[in-house]
Ligand SMILES: Cc1cc2nc3c(=O)[nH]c(=O)nc-3n(C[C@H](O)[C@H](O)[C@H](O)COP(=O)(O)OP(=O)(O)OC[C@H]3O[C@@H](n4cnc5c(N)ncnc54)[C@H](O)[C@@H]3O)c2cc1C
């Protein structure tokens, strides 16, 4: 496969930083090859050593400014980090949340919160990997969520339930969205929601219960229950009742970063497909000589290249502080479709071996499927584009 590494149209210095980052990530991933992930997949284990290596190398603190102990890189570099992890056949899902949840603290937290938390998140003393938004009854309809936080003196008391709160068992803190003003007392459904930074170390057993959910891929996801959980009011991020806006800006970052992972996955699948197509001889010639094998791989590659442009376009706009709703959503849609097309072509190219654990293809195939649904489903992105970009009526 040609080196499709995108030219980032930045200054030469920035380009060389990006190349160094890509190389260092690739080198680090060399210590975590297929067997490592296969074992974890069988046991539904958490890649503790991999996350520690990324943290120690400073990659998970890439977006944290230097004044708070981070590396102070931008969204382009952060996207390159996650893309490269996936390009190398590893999986960043165990730890990517820190990159976008941290942004909510950075942009909307108080000075004390930033000084207290960000350096510890940067050096790995504190893990901010859990993001509690989705609920079982409201699903995609986030503003209908039912978890409530009621003020009581210097505390808030939290009751409710979240689902798909990934990494909750491997995180110290959770960024939590809860309703602070009842729906019937607000003008718009987006009002009356607040963001809290929950210290799960103190909360577990004192009103917080976490239950793992086994899924088709190894994702350390959970459901969490809040039963009269009392947290200090100082854990509120930003202003009360204004939390939905804070979460939305984090969600756009999340869409770009996960789209970058999909680009990395698409590259991994394509390399795996072309290698196998060139090596496997059937009917006395390489299967890659058949256009029926070549074309789906080439088509997925073209899809990936187009998606890659959109992902890095969105990342640059994000760095420039421009509105990016359209670009972040489009990037996520195109990149998830490209990785899925590449995954499908890869399984087909491998024939029966596409289903054998030791080839890693079936595992990556299961992992890639998620991004049609989470963190936002393809349907909801299309609805967003139809309504907010193309001006058609809201369909729901
Ligand atoms: C492994 C995993 C990890 C996750 N991690 C997290 C996490 O860490 N934190 C978190 O908060 N959430 C997390 N999620 C939740 C994820 O963001 C949601 O699953 C996703 O947004 C879809 O919501 P839902 O599952 O409730 O589906 P629903 O909202 O119930 O929708 C079901 C289907 O109907 C479609 N649909 C719904 N409404 C419409 C409409 N109006 N028009 C067209 N189609 C529609 C959807 O597209 C979807 O395909 C995770 C999910 C998974 C599976």
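The values are calculated or read from the model by the stated rules, or taken from the named source; none is laboratory data. What you see is a predicted model, and the numbers here were worked out from it, not measured in a lab. Reconstructed Cβ throughout: ideal geometry from the backbone, glycine too, with neighbour counts over all protein chains shown.
Only one of 336, 315, 306 is modelled with pLDDT of 95 or more and within 16 Å of the ligand (Cβ to nearest atom). Can you tell me which? So that I can check it myself, show each step before the final result.
Details: 315 fails: within 16 Å of the ligand (Cβ to nearest atom); 306 fails: within 16 Å of the ligand (Cβ to nearest atom).
None of the other options fit; the residue is 336.
Per-residue answers, yes or no, for (1) modelled with pLDDT under 95; (2) assigned by TED's automatic domain parsing to the domain that holds residue 308; (3) within 14 Å of the ligand (Cβ to nearest atom); (4) closer than 25 Å to residue 263 by Cβ:
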| position | (1), (2), (3), (4) |
| --- | --- |
| 86 | no, no, no, yes |
| 98 | yes, no, yes, yes |
| 108 | no, no, no, no |
| 111 | no, no, no, no |
| 117 | no, no, no, no |
Which listed residue is within 14 Å of the ligand (Cβ to nearest atom) and in the same structural domain as residue 346 (by TED's automatic domain parsing), from 282, 258 = 258
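Can you confirm whether the range 200-218 contains a residue that is part of a strand (DSSP E or B) and within 12 Å of the ligand (Cβ to nearest atom)? Before the answer, list the steps.
Of the range 200-218, the ones part of a strand (DSSP E or B) are 204, 208-213.
Subsequent filtering for residues that are within 12 Å of the ligand (Cβ to nearest atom) retains 212-213.
There is at least one residue in the range 200-218 that is part of a strand (DSSP E or B) and within 12 Å of the ligand (Cβ to nearest atom).
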Restricting the range 174-218 to residues that are closer than 28 Å to residue 107 by Cα and within 17 Å of the chain's Cα centre (by Cα), which is surrounded by the fewest Cβ atoms within 10 Å (Cβ to Cβ)?
-> 174
Pull up the range 318-339, narrow it to residues that are in contact (Cβ under 8 Å) with a residue 24 or more places away in the chain and out of contact with any helix residue (DSSP H, G or I) (no Cβ under 6 Å at 6 or more places or on another chain), then point me to the one that is surrounded by the most Cβ atoms within 10 Å (Cβ to Cβ).
-> 337
If you take the residues of the range 147-172 that are within 13 Å of the ligand (Cβ to nearest atom) and within 16 Å of residue 101 (Cα to Cα), which of them is surrounded by the fewest Cβ atoms within 10 Å (Cβ to Cβ)?
-> 170
Would you pick out the residues in the range 356-396 that are more than 16 Å from the ligand (Cβ to nearest atom) and under 21 Å from residue 36 (Cβ atoms)?
-> 356, 357, 358, 359, 360, 361, 362
State which residue is nearest to residue 51 (Cα to Cα) when the search covers only the range 126-146 and only residues that are touching a helix residue (DSSP H, G or I) at 6+ places or on another chain (Cβ under 8 Å) and away from the ligand (no atom under 11 Å from the Cβ).
-> 127
